[in-house]
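The values are calculated or read from the model by the stated rules, or taken from the named source; none is laboratory data. Given the structure is predicted, the values throughout are model-derived calculations rather than measurements. For neighbour counting, all protein chains shown are included, and Cβ atoms are generated from backbone atoms with ideal geometry for every residue, glycine included. The area values use the complete protein model at the heavy-atom level, side chains included, leaving out ligands, DNA and RNA. Shrake-Rupley method; radii C 1.70, N 1.55, O 1.52, S 1.80 Å.
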Amino acid sequence: MNRRSTRRGGHSAANRSTHPAAAEAELEWLRVESLDLEARGVAHRADGKVVFIHDALPGEQVRVRVLRGKPKWEQAEVLQRRGDASTRVKPRCEHFGTCGGCSMQHIELRAQLAFKQRTLEDDLRHLAQLRPELMLRPLAGPDWGYRRRARLTVRLVPKKGGVLVGFHERGSSYVADMRSCQVLPPSVSALLLPLRALVGSLSCPDRLPQIELAMGDDSTVLVLRNLQELDARDLQLLRDFAARHGVQWWLQPGGPQTAHPLDEQQALPAYTLPEFGLRMPFRPTDFTQVNHSVNRALVSRALRLLQVAPGERVADWFCGLGNFTLPLATRAGFVLGVEGSESLLARAMDNARASGLGERVAFRVSNLFEADASFLHDCGEFDKWLVDPPREGALALCKALVRAMGRAGAAELAPEDAPHDAPEDASEEVTAGTAAVPAAQEPALVCGGVPGFVPPRRIVYVSCNPATLARDAGVLVHQGGYALKAAGVVNMFPHTSHVESIAVFELPEEPVGG
């Protein structure tokens, strides 16, 4: 597979060249060799130039028209196809190819999982020179109607008949003309057209740029971004819509912290983790996983892999609302959750108390992107770690662990830790955090360790970016002496190229007399 990542590009049909001679000059038959990180077909012209082709699959011969070009690469669309790949299926959504919300509906689901597994394996091998001792079975859930969180753009477009509500068009800032969505729950998909009519009836439809969906297990919340104060008639229209469709409205006049319920008596939405007897209320603008079913399975797998025993102390880094912290507290002796958002931790602590776990957990506000060895020492000693960072990964935390242990490889990562392995002009934006790491080597004891520091014996790392996971794995293994025991993908976002994954690291026992 091609391992380059480019930002979605191209133009809407209205922006493409329509001059017959120019269009004909761009037509060419190509054989698709692989898929890139955006699930586009990758082919090469006779002169070696790379062509990224929307909706083309490996093994297919396609006639293409160039949408956008650079000196070393081009983006193209399929005009004609000779034969179908065995993995091709008919997209379920009528808007696939126009809407940018999904990139893989034309690929059979097992092939989607294989693509994501290969992406993880390739990143670990090419970016960190690592192979897990065990590849875990992919973790999957419902294929359709799974998305409990979404950010829908709202746009007043008189030329298209009024207000549009939906995702952006593929490779464009325009809003797709969506009438349904197969990855949203059916009850929410059915709201797309009524929401258009509602926004169009309000006093300031051009000042309402976004509706954010946040679903709990028994409630549907819509957060309306309002750049202008709504009048009494507007508020009544919102209340009437909520009563008719069984939803709750929140208004957001400024940043996420300004979001508030339209009516104060509304309860917070919540999701449940039945295996652990937990109910997790949250604010609609808080981060929660989009796929509740897969999240339950992920939490269960993470705890099994961590092998937590009664009485053990566990650290949960980037803990957020406590999605892993509170389940861990039902198994361990003590859990520390660390997170940069004070408001998230306040809700996590409330949830811990409501669940009767207040005495078994503690939370600490800290910017983990600035973690160092002395910070780890201050946090205390832990038997196990759970790490669940954002896309940027947990590089500072991993390097702090290595330094606290007094270990390092022969070479350190560059201080800026910036991605630098993308070919020049290959794209305008590369996947964050693809810095190269040293090849496998025996870790060496060095000065600078924290006296008396005891590292965790086992680490479970949950990742939403396989490139930064690979980078951090390189630090833990090549410099910290950990072994990569297992890794596997988690299909949190079916029909998209987003790759969620989980990895297990273990510190080998010191040899007797060593």
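The rows are residues; the columns are (1) in contact with an Asp or Glu (Cβ under 9 Å, 6 or more places away or on another chain); (2) closer than 21 Å to V290 by Cα.
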{"residue": "T220", "(1), (2)": "no, yes"}
{"residue": "L238", "(1), (2)": "no, no"}
{"residue": "Q248", "(1), (2)": "yes, yes"}
{"residue": "P256", "(1), (2)": "yes, yes"}
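Being of a type in the set (G, A, S) and touching a residue at least 60 places away in the same chain (Cβ under 8 Å) is true for just one of G322, G277, G340. Which residue is that? Criteria check complete, one pass: G277.
Inside the range 313-403, counting only helices (runs of 4 or more DSSP H) that do not spill past its ends, which hold 1 or more residues that are open to solvent by 20 Å² or more (accessible area, probe 1.4 Å)?
In the range 313-403, 342-354, 373-379 are the helices (runs of 4 or more DSSP H) which contain 1 or more residues that are open to solvent by 20 Å² or more (accessible area, probe 1.4 Å).
If only residues of the range 30-42 that are in a strand (DSSP E or B) and without any contact (Cβ under 8 Å) to a residue 60 or more places away in the chain are counted, the one that is surrounded by the most Cβ atoms within 10 Å (Cβ to Cβ) is G41.
Note on the range 217-226: residues that are small (G, A, S) and either surrounded by fewer than 16 Cβ atoms within 10 Å (Cβ to Cβ) or in contact (Cβ under 8 Å) with a residue 60 or more places away in the chain (or both) amount to 0.
Residue by residue through the range 54-88, note down the ones that are open to solvent by less than 20 Å² (accessible area, probe 1.4 Å) and among the β-branched types (V, I, T). Matches in the range 54-88: V62, V64. R92 meets all of the listed conditions (1) open to solvent by 60 Å² or more (accessible area, probe 1.4 Å); (2) over 24 Å from the mean Cα position of the chain (by Cα); (3) modelled with pLDDT of 95 or more but one, namely (2). Restricting attention to the range 43-69 and to residues that are over 21 Å from F96 (Cβ atoms), among the small types (G, A, S) and not in a strand (DSSP E or B), the residue that is nearest to the chain's Cα centre (by Cα) turns out to be G48. Of all residues in the range 219-244, exactly one satisfies the criterion of being among the charged types (D, E, K, R) and either closer than 25 Å to M280 by Cα or touching a strand residue (DSSP E or B) at 6+ places or on another chain (Cβ under 6 Å) (or both), namely R225. The residue of the range 105-144 that is most open to solvent (accessible area, probe 1.4 Å), among those that are in contact with a helix residue (DSSP H, G or I) (Cβ under 6 Å, 6 or more places away or on another chain) and small (G, A, S), is G141.
Return yes when L251 is aliphatic (A, V, I, L, M), open to solvent by less than 40 Å² (accessible area, probe 1.4 Å) and under 30 Å from C204 (Cβ atoms) and no when it is not. I'd like the intermediate steps shown before the answer.
Working: aliphatic (A, V, I, L, M): yes; open to solvent by less than 40 Å² (accessible area, probe 1.4 Å): yes; under 30 Å from C204 (Cβ atoms): yes.
So L251 passes the test.
Among the conditions (1) under 30 Å from K399 (Cα atoms); (2) open to solvent by 20 Å² or more (accessible area, probe 1.4 Å); (3) part of a strand (DSSP E or B); (4) β-branched (V, I, T), the only one that V308 does not satisfy is (3).
Taken over the range 158-173, the criterion of being out of contact with any helix residue (DSSP H, G or I) (no Cβ under 6 Å at 6 or more places or on another chain) and either crowded, with 21+ Cβ neighbours inside 10 Å or modelled with pLDDT of 95 or more (or both) is satisfied by L164, G166, F167, H168, E169, R170. If we scan the range 106-129, do we find a residue that is assigned to a loop (DSSP other than H, G, I, E, B), closer than 22 Å to L476 by Cβ and either in contact (Cβ under 8 Å) with a residue 60 or more places away in the chain or not basic (K, R) (or both)? Yes - at least one qualifying residue is present in the range 106-129. Per this entry, V188 is counted among residues that are buried (at least 16 other Cβ atoms within 10 Å of the Cβ), over 21 Å from the mean Cα position of the chain (by Cα) and at pLDDT 95 or above. Criterion applied to E229, E264, E212 was being surrounded by fewer than 14 Cβ atoms within 10 Å (Cβ to Cβ) and at pLDDT 95 or above, and the one residue passing it is E229.
Residues that are without any contact (Cβ under 8 Å) to a residue 24 or more places away in the chain and more than 17 Å from the chain's Cα centre (by Cα) do occur in the range 492-510.
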